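These notes are about the structure you will find just below.
Please treat every number below as a calculation from the coordinates, not as lab data. Owing to the predicted nature of the structure, the values given are computational and were not obtained by experimental measurement.
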Amino acid sequence: MYRKRNVVERCFNRFKRWRDLATRYAKHASLYRASLVLIAAVIWLP
């Protein structure tokens, strides 16, 4: 259980590097989700 929680917490820490996602500049849910998907792709592809 702890191992899975650790993976999720590290993932959120990676997302916090992107300031616009952390502060939620996108006011619409669709724009927020699109930026989340894009940032996740940038993080996990390399």
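Here are some notes:
- Helix-only [θ]222 nm of the chain, DSSP H runs n ≥ 4, -39500 (n - 2.57) each, per residue, nearest 500: -23500 deg cm²/dmol
- For the chain, taking the reciprocal of the average inverse distance between every pair of different Cα atoms yields a Kirkwood hydrodynamic radius of 11.4 Å.
- Compared with the dominant principal axis of the Cα atoms in the chain, helix 29-44 is inclined by about 50°.
- Full-extension gain in nm, residue 39 to residue 7, via 0.36 nm per residue minus C-alpha separation: 9.8 nm
- Helix 2-15 axis, angle to the chain major axis (alpha carbon atoms, nearest 10°): 30 degrees
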